[in-house]
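Below: the structure, in structure tokens.
The values are calculated or read from the model by the stated rules, or taken from the named source; none is laboratory data. Predicted, not measured: the structure shown is a model, and the values here were computed from it. When we count neighbours, we look across all protein chains shown, and the Cβ atoms used for this are built from the backbone with ideal geometry, even at glycine. Surface accessibility is based on the protein's heavy atoms, side chains included, excluding ligands, DNA and RNA. Shrake-Rupley method; radii C 1.70, N 1.55, O 1.52, S 1.80 Å.
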Amino acid sequence: MATLLLSDIQTALYELCWQVVQGNLKWDLGANVLGDMMALKDDMASILADVFCILDLETSALEEKNKRDHYTQLVGACLCFVPEAILKERLDPETLESLGLIKQAHQFNQKIVKIKTKLFYKQQKFNLLREENEGYAKLITELGQDLSGNITSNLVLESIKSLIGCFNLDPNRVLDIILEVYESRSDQDEFFLSLIKSYMCEPITLCHILGFKFKFYQEPNEETPKSLYHIAAALLHHNLIELEDLYVHLMPLDAAIIEEHKREISEAKQIARKLVMVVLPSEKSEDKEKEKEKEEEKNEKPPDNQKLGLLEALLWIGDWHHAQSIMDQMPSFYATSHKAIALALCQLIHLTVEPLYRRAGIPKGARGCVLQPLRNKRAPQPAESFEDLRKDTFSMLCYLGPHLSHDAILFAKIVRLGKAFMKEEILLSCFLSIADQVLLPSLSLMECNACMSEELWGLFKLFPYQHRYRLYGQWKNETYSGHPLLVKVKAQTVERAKYIMKRLTKENVKQSGRQIGKLSHSNPTILFDYMLSQIQWYDNLIVPVVDSLKYLTSLNYDVLAYCIIEALANPEKEKMKHDDTTISSWLQSLASLCGAVFRKYPIELAGLLQYVTNQLKAGKSFDLLILKEVVQKMAGIEITDEMTSEQLEAMTGGEQLKAEGGYFGQIRNTKKSSQRLKDALLDHELALPLCLLMAQQRNGVVFLEGGEKHLKLVGHLYDQCHDTLVQFGGFLASNLSTEDYIKRVPSIDILCNQFHTPHDAAFFLSRPMYAHQISSKYDELKKAEKGNRQQQKAHKYVAACEQVMTPVHEAVVSLHPSRVWDDIRPQFYATFWSLTMYDLAVPQTAYEREVNKLKAQIKAIEENPETPLNKKKKEKERCTALQEKLLEEEKKQQEHVQRVLHRLKLEKDNWLLAKSTKNETITKFLQLCLFPRCIFSSIDAVYCARFVELVHQQKTPNFCTLLCYDRVFSAIIYTVASCTENESHRYGRFLCCMLETVTRWHSDRAVYEKECVNYPGFLTIFRATGFDGGNKVDQLDYENFRHVVHKWHYMLTKASVHCLETGDYTHIRNILIVLTKILPCYPKVLNLGQALECRVHKICLEEKDKRPDLYALAMGYSGRLKSQKVHMVPENEFHHKEQPARSATPASQQNGPGSTGKPATSTSKTEEGASEDGDRGKDKSQGTSKPVNKANSAAAKVTTSNGNGALNSTKAVKERDDKEKSVKEKKEKKEKTPGSTPETKAETRREKQRDEKAGKEERVTREGKEKTPKADREKVKLEDKSSKEDKAKAGNGEPVEPSREAVKESKSKEKGDRNAATGSLKSPNPRSESAESERGEEPFYSARLLPSVL
């Protein structure tokens, strides 16, 4: 606004004066107006004079004389308020003359010329050195005198003035000499600075003199003295000269500095490339010649970098403000890359942080070197508090950057201040920036300083791992690319790492480990990155690498954890092999390394565990392999389905027995490592989330990760997820305290309903909690009432169980639909899922075996003469202590098992409902309990078999043992087909344990009669009222049981052959695994073994070149099967066979129109025929698209015929003796029975004819495919027995169901059970109670109770 106003005033004045000149306004009026305007501004007279000057030039050029006169008159009238001096400066001499201000214009012009010449062109005569030696000599003497007395700069200045006046000395030369003397006496800053300040007239003159001095040293091979830098810095610091004025006199130019910096970076990168590249010999010689040329060029020393010299001097005197200005003109860290400047800046930082370090940072007991503060009041103020560090210290450190490496002491001071800072205040950002930009890059440039690495870890461990890992990421991926020195260091580190890794072996681990440790102190990220890349290629390096890492610092271990996680998360790496069927070997190698490294060394686990958790959240289960390895190595918990029977037995005992005999490798010294793992999980609240995520991911693998992946890989991922869950859950159960576990694991209904955890996994997690709670409650009750009697203890234990488990019984009701609890009680369900093998049996053999091993060890130690006595003593004490622990543990488990069995004995009567049919009960039991748990783990597989046997031994009401075993052995095709590889191992183990029990009963009549006769589980007829003791006829005798066992073996063979013939990879693999597992108990019959051997041999031939893994499995099984041949027996030795003549009797002859047993036989055969016709109808309608159904139909038919005949043949023999006595009773019974009506007879005959036709076709087919005619003959024989049995039962007056109802029931039941097997044992629709009451009692061999799930 001021500028616009001035221009407006000038314009107005000009217009006014121009109107007067033009004659439009009288000059006197114009003068009055101008006089009035003088009050507007102070300098109005000067402004008016400028206007008069312009008009003077314009009017002098005009031809009209009157206008010139008007102008002269106006100026003359204004003389009263415009000073004459101003007008004399501005107006032309002729105008001044006309106004009367000067006498003559000519004389005035001459006078002006003289004055200008004198001022600007005449040189004053001063004496220089050569003209006046004496004066300058006296000046130098005056300046060089001793200044320690009372001599001040003012006194010396007066002497200097006298010398200048006396000898007529040049003042500029005098100033130059003062500066020269100041250079030589640079310690007298105070005196000379005050002298120069008093002497000097203009700063620019002093700056020029200094500039000339610097210019003198800008020639090649010249070196600028430090004293000159010092005086220049001192003059700058005291503001006697300006940096901008001096900076232009310094060399080199800023552009040249930038070019030099770029050249250094490119040279460093070129060196790095050469170190990485493979160089040929010819190229090496060329490179050597180029290097020689460069060295020759370097010999010609360029001029000093005067800007850096001045910068150093400024830093030494503490002028940070000017030093910062110079550094801002240069590329980042260019200045501090020169050691002298870095050290000067380090010294300035030392002085700045000294008071605060003395107060808060210095360790206890340390003295340290006391630093004297700068006497310079204008230097940065020393920091008294952490807030003061923000002012200058942090900015100085940022300018210093990686070159803090030149001063290890300052490095340690900053780190210690950081530690104290973190304790006092929480202000992370500042120190995080310093760590990122200064501390870590500086560490890279230090030469293997392990102490600094440990100091830095003292600060870093105060940060959360997220901040640390971010710093490591910046350090590894960005820091090394910004500085030429760091680029070279990175290349040298990689070259050295290659050298070490090439020579690393098991034999030289110690030497190589020291070299690795030395290299890792400074550049761990680069070293570990290369080492991990090598391990991913060569997994045999894992063991020597892990052993060689013992010389690392704590910081290095933390960096190693970060590098491992970064390598695992590499997005460029595929986690599957190219065949898409297996996990990549690099991931397996890294997982193995993780387990070994984290176990052996104290590395924080939080980052790795969080990474696995995040991967699970993202629906990726590949990285569970890492968790599996870490838990296995750190906690000593192995998960394998290849456990021997001895190991499996040991796993059912206590923790000590598990550790001694349950694992392949003896687990030693895992206490510390497992404690570290537990602490990491609890501190970061990852224990339960990991369990839940694994449980959810296991069921989601097929859907979330299946996609386009190969079925084999999906199965492998499922197994890995499941195995890791079991392993991790086992770790938590054995390591977490009772309080920690109960606090973290929610109740079963919340787990399943809220977190959507699968039921088997939910009970797996809850089971230890129940055990802990029962144990705690039992201890409370014992303390409350002190009683030592065993009976009292048992009652207290039962009471404790009731208190703990009652809420569980209520909670499990919500897990399934209400109709489920119509068949089994929640108490039975919860009891099954909450117990373990530890609760059911004591592995006495395993305890004895381990104790004997320890005794043998003690004996071996005593007999070894080479072992020192003290070592012998220690080892013997260790073995003795272990032995005592094992015996105490065995005793404790025995007492526990007795209490559990007592509890089960009291509970068993309430387990199963009497109103429910046995078939429905067994279906629910298999579907919801047995099958889900038997494939959960190997121990669970054994548990399931043992639990079934225990329920039988407890004489549990309403539980049919025979039916349970029958359903297990008759329904394996679909179960086997739906298993993964590891589940097949577990399912096979379950079948083997079940077969062991059956084989034990089959092999000895006395055992059978002791353990099975008079047990409700072996009743062949069930009544809705439950077990009332029964009679001898209702029990299955020994020989009939042997028939049933043969039928089960036959069904297993049938299912196995079917799976082997499908050609499907999963079917073949799984059945081979199952067959291998059950080999100790099956096959026992020679012809069945031969059928299997034939089919397996065919698989070997077919898969040799197609699927090597199937070929290997088949060959392994084939070899073991041949070795078992010696233990196989002919069929007639396995079970008693009827005479061939009797078995050859056609069924149609026995079931003719005049047969007395016609109704019963009609019923039985109609059920079979209906089932077969239904299946045949399906086959015809579906054509060849579903060949499996044909096999199912055939298997169904064989199941029913074999089962009915085998179970009841002996009864038929006994009752046939009484046939003649009961003819009349049978006839009366026949007349009363609805099955004897004409309509029923006709329908029965038609069904019988279809049945015989289908049976003939089936026999022909089986003879062609399996070549086992004995089995076919057996079928005919069993059918014959079945018909006889039906006749006998009709003769004894036992009720037989009407044929029409039987046909309908059989059809619906066959269909329902087939669907059940297909849909993971989905339960069939429950029948109404009215149907049961109409039926009254139901024979065991009824098609309703022995359905064919095949």
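Numerical summary
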| item | result |
| --- | --- |
| Options S433, S442: the member that is within 28 Å of Y334 (Cα to Cα), hydroxyl-bearing (S, T, Y) and open to solvent by 10 Å² or more (accessible area, probe 1.4 Å) | S433 |
| Elements of type helices (runs of 4 or more DSSP H) contained in the stretch 200-249, each with 2 or more residues being open to solvent by 40 Å² or more (accessible area, probe 1.4 Å) and over 21 Å from Q329 (Cα atoms) | 203-216 |
| F832 touching a Ser or Thr at 6+ places or on another chain (Cβ under 8 Å) and buried (at least 20 other Cβ atoms within 10 Å of the Cβ) | no |
| Cβ pairs under 9 Å, 6+ apart, first in the stretch 691-703 and in contact (Cβ under 8 Å) with a residue 24 or more places away in the chain, second open to solvent by 80 Å² or more (accessible area, probe 1.4 Å) | L692/H756; L693/K617; A695/H756; Q696/H756; Q697/K620; Q697/L704; N699/H756 |
| Meets criteria (in contact (Cβ under 8 Å) with a residue 24 or more places away in the chain, open to solvent by less than 50 Å² (accessible area, probe 1.4 Å), in a helix (DSSP H, G or I) and in contact with a helix residue (DSSP H, G or I) (Cβ under 9 Å, 6 or more places away or on another chain)) for V21 | yes |
| Failed item in (1) open to solvent by less than 50 Å² (accessible area, probe 1.4 Å); (2) out of contact with any Phe, Trp or Tyr (no Cβ under 9 Å at 6 or more places or on another chain); (3) at pLDDT 90 or above, with G1030 passing the rest | (3) |
| Meets criteria (acidic (D, E), farther than 18 Å from H237 by Cα, open to solvent by less than 30 Å² (accessible area, probe 1.4 Å) and at pLDDT below 90) for E291 | no |
| Matching residues, the stretch 681-700, being more than 14 Å from F764 (Cβ to Cβ), open to solvent by 10 Å² or more (accessible area, probe 1.4 Å) and hydrophobic (A, V, I, L, M, F, W, C) | L682, L693 |
| Residue match in the stretch 186-194 (condition: open to solvent by 50 Å² or more (accessible area, probe 1.4 Å), hydroxyl-bearing (S, T, Y), touching a residue at least 12 places away in the same chain (Cβ under 8 Å) and in a helix (DSSP H, G or I)) | no |
| Test: residue in the stretch 528-551 that is closer than 20 Å to Y469 by Cα, of a type in the set (F, W, Y), in contact with a Leu (Cβ under 6 Å, 6 or more places away or on another chain) and surrounded by 17 or more Cβ atoms within 10 Å (Cβ to Cβ) | yes |
| Hits in the stretch 835-857 (condition: surrounded by 18 or more Cβ atoms within 10 Å (Cβ to Cβ) and over 19 Å from Q893 (Cα atoms)) | L854 |
| Output for the stretch 478-495, where each listed residue is touching a residue at least 24 places away in the same chain (Cβ under 8 Å) and open to solvent by 60 Å² or more (accessible area, probe 1.4 Å) | L485, K488, K490, Q492, E495 |
| Yes/no for H322 being crowded, with 16+ Cβ neighbours inside 10 Å, over 24 Å from E259 (Cβ atoms), touching a helix residue (DSSP H, G or I) at 6+ places or on another chain (Cβ under 7 Å) and of a type outside the set (G, A, S) | yes |
| Matching residues, the stretch 953-972, being part of a helix (DSSP H, G or I) and either out of contact with any helix residue (DSSP H, G or I) (no Cβ under 9 Å at 6 or more places or on another chain) or open to solvent by 10 Å² or more (accessible area, probe 1.4 Å) (or both) | Q953 |
| Test: residue in the stretch 1073-1091 that is among the polar types (S, T, N, Q), closer than 21 Å to L1110 by Cβ and in a helix (DSSP H, G or I) | yes |
| Within the stretch 595-628, tally of residues that are among the charged types (D, E, K, R) and surrounded by fewer than 22 Cβ atoms within 10 Å (Cβ to Cβ) | 4 |
| Condition met for K518 (under 13 Å from C448 (Cα atoms) and not small (G, A, S)) | yes |
| Of all residues making up the stretch 384-408, the number that are in a loop (DSSP other than H, G, I, E, B), out of contact with any Pro (no Cβ under 9 Å at 6 or more places or on another chain) and buried (at least 18 other Cβ atoms within 10 Å of the Cβ) | 1 |
| Close pairs (7 angstrom Cβ cut-off, 6 or more residues apart or separate chains): free of Cβ contacts under 8 Å to residues at least 60 places away in the same chain in the stretch 36-59, open to solvent by less than 40 Å² (accessible area, probe 1.4 Å) and basic (K, R) anywhere | T59/K67 |
| Filter result for the condition that a residue is over 24 Å from I9 (Cα atoms), of a type in the set (G, A, S) and out of contact with any helix residue (DSSP H, G or I) (no Cβ under 6 Å at 6 or more places or on another chain), over A61, A85 | A61 |
| Residue, farthest from L34 (Cα to Cα), within the stretch 107-133, restricted to residues that are open to solvent by 100 Å² or more (accessible area, probe 1.4 Å) and at pLDDT 85 or above | K114 |
| Filter result for V942 (open to solvent by 10 Å² or more (accessible area, probe 1.4 Å), of a type in the set (V, I, T) and out of contact with any Asp or Glu (no Cβ under 7 Å at 6 or more places or on another chain)) | yes |
| Condition met for I1073 (surrounded by 21 or more Cβ atoms within 10 Å (Cβ to Cβ), among the β-branched types (V, I, T), without any contact (Cβ under 8 Å) to a residue 60 or more places away in the chain and closer than 22 Å to G715 by Cα) | no |
| Hey, T724 part of a loop (DSSP other than H, G, I, E, B), hydroxyl-bearing (S, T, Y) and surrounded by 20 or more Cβ atoms within 10 Å (Cβ to Cβ) or not | no |
| Among (1) under 30 Å from S818 (Cα atoms); (2) open to solvent by less than 30 Å² (accessible area, probe 1.4 Å); (3) not β-branched (V, I, T), the one test that L901 misses | (2) |
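Rundown of residues vs (1) in a loop (DSSP other than H, G, I, E, B); (2) more than 18 Å from F431 (Cβ to Cβ); (3) open to solvent by 40 Å² or more (accessible area, probe 1.4 Å), yes/no style:
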| position | (1), (2), (3) |
| --- | --- |
| L343 | no, yes, yes |
| Q347 | no, yes, yes |
| A366 | yes, yes, yes |
| L374 | yes, yes, yes |
| R378 | yes, yes, yes |
| P382 | yes, yes, yes |
| L410 | no, no, no |
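Results for (1) farther than 26 Å from Q727 by Cβ; (2) among the hydrophobic types (A, V, I, L, M, F, W, C); (3) touching a residue at least 60 places away in the same chain (Cβ under 8 Å), shown as yes or no for each residue.
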site: D529; (1), (2), (3): yes, no, no
site: L532; (1), (2), (3): no, yes, yes
site: Q536; (1), (2), (3): no, no, no
site: T553; (1), (2), (3): yes, no, yes
site: W586; (1), (2), (3): no, yes, no
site: E604; (1), (2), (3): no, no, yes
